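S.K.: Just dropping this structure here.
The values are calculated or read from the model by the stated rules, or taken from the named source; none is laboratory data. The structure presented is a predicted model; accordingly, all values stated were derived computationally and were not measured. So basically every Cβ, Gly included, is an ideal-geometry build from the backbone, and we count neighbours across all protein chains shown. Side chains are part of the model used for accessible areas, which takes the heavy atoms of the whole protein and leaves out ligands, DNA and RNA. Shrake-Rupley method; radii C 1.70, N 1.55, O 1.52, S 1.80 Å.
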Amino acid sequence: RFAEAVTMWQRAISAFKNGGDELQQAATLGNLSLAYQQLGQWNEAQIAISQSLNLLGYTQKQQENHSSIKNSQIIAQILDIQGRLYLAQNKPEDALNIWQQAVDIYEKIGDKNAVIRDRINQAQAMQALGFYRRAEKTLEETNKILDSQPNTPLKVTGLRSLGNVVQVTGDLKTSREVLLQSLEVAKSLSDNKVIGDILVSLGNTARAQEDTQAAIKYYQQAAKTTNSPTTAIQALVNQFSLLVDNGENKDLDTLSSQIQTQLTKLPLSRSAIFAKINFAQSLIDLNGTQSASGSKKKQNFKNLSSQNSYLSAAQLLADSVEQARNLQDKRTESYALGMLGKVYEKTQQWDNAQ
């Protein structure tokens, strides 16, 4: 209930301001930014972060001498939030820089768990930049530290991140083993959101291993288990894509209707845009599969005829372009435009395609 959280935090900020408590005001502005991020209100999220750091007196000149900074703990926490904002906006280099500043502060004040958390954050930014080996090394070092500690959300995140990055580097056996280990830890903590995320990752790894039935099972479990609409739609879209790739007709109509209904309910975010783009890609691929398979197979898809699949894909991609522009996410906008051009090309709308 992020909109309600925004209202409450705005009231708290006003109260702290009236009471002259700048420290609590700054901390609450950080929380406000997180809520805005969940709502996809990126400009408001950035304004809240800037106001928070200004209240704390944190400037560029102070970055080289963290030991002299007052209220270091809160400043580092606000920088963490700023890093999340940058990564959500597809600015991984900025995120990496901000999280390094946070790590420097945490190391100065001796907060070891926070250092580990931000090392994991940095690894995610490295992956976004394509530095997979560097990310893998960072995560391996982090997980060695976490291995001797009790089960915590931090341990789950570290293991899942490592499982994801070794999947990208091609070590699928290790990826699956690490992700299963992460899943066991998450189950011990009864965190359904995280369990759903891990199941999606396991589905992706099983798919890369060409273990289709296991991948479908993982995706189905993820959609049923998670309490996150974004994770649920990701699982459904991945399942749909896998079925299309394998030429399997069963459940495609039902899945398509379910996905299109849920897509309309997602808040604006990069993850939501990519869910639309990936679903559109599957609709385009589905049409290719139908064309190659003959008219008899087309009749199995009541709602996914050739014309409907292209039209649905075009609408999804046009929405994706507009939403990416709202996020000022040039890379995602470019990707969506390229995909939209592909749809126009397939339907012989040459000028629009170009």
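S.K.: Given the residues Val168, Val194, which is the only one that is of a type in the set (A, V, I, L, M, F, W, C), open to solvent by 50 Å² or more (accessible area, probe 1.4 Å) and either within 18 Å of the chain's Cα centre (by Cα) or at pLDDT below 95 (or both)?
M.R.: Numbers: Val194 fails: open to solvent by 50 Å² or more (accessible area, probe 1.4 Å).
Step by step, each of Val168, Val194 is checked, and only Val168 is of a type in the set (A, V, I, L, M, F, W, C), open to solvent by 50 Å² or more (accessible area, probe 1.4 Å) and either within 18 Å of the chain's Cα centre (by Cα) or at pLDDT below 95 (or both).
S.K.: Just to be sure before I move on: is Ala318 modelled with pLDDT under 90, among the hydrophobic types (A, V, I, L, M, F, W, C), open to solvent by 40 Å² or more (accessible area, probe 1.4 Å) and farther than 19 Å from Gln239 by Cβ in the structure I sent?
M.R.: no
S.K.: Is there any pair with a first residue in region 102-123 that is closer than 22 Å to Arg160 by Cβ and without any contact (Cβ under 8 Å) to a residue 60 or more places away in the chain and a second that is open to solvent by 70 Å² or more (accessible area, probe 1.4 Å) and in a helix (DSSP H, G or I) whose Cβ atoms are under 6 Å apart and which are 6 or more apart or on different chains, and what are they?
M.R.: Listed pairs, sorted by first residue: Val115/Glu107.
S.K.: Here is a further query. If I filter region 140-148 for residues that are open to solvent by less than 70 Å² (accessible area, probe 1.4 Å) and over 30 Å from Gln221 (Cα atoms), do I get at least one hit? Can you show your working first?
M.R.: Step one: list which residues in region 140-148 are open to solvent by less than 70 Å² (accessible area, probe 1.4 Å), which gives 142-143, 146.
Then keep just the ones that are over 30 Å from Gln221 (Cα atoms); that gives none.
Looking through region 140-148, none of the residues is open to solvent by less than 70 Å² (accessible area, probe 1.4 Å) and over 30 Å from Gln221 (Cα atoms).
S.K.: Can you pull out the residues in region 129-155 that are more than 19 Å from the chain's Cα centre (by Cα) and small (Gly, Ala, Ser)? Break it down stepwise before answering.
M.R.: Step one: of region 129-155, the residues more than 19 Å from the chain's Cα centre (by Cα) are 133-134, 137-138, 140-152.
Answer for region 129-155, where residues must be more than 19 Å from the chain's Cα centre (by Cα) and small (Gly, Ala, Ser): just Ser148.
S.K.: For Leu189, all conditions in the list (1) open to solvent by 40 Å² or more (accessible area, probe 1.4 Å); (2) out of contact with any Ser or Thr (no Cβ under 8 Å at 6 or more places or on another chain); (3) hydrophobic (A, V, I, L, M, F, W, C) hold save one; what is the number of the exception?
M.R.: Failing condition for Leu189: (2).
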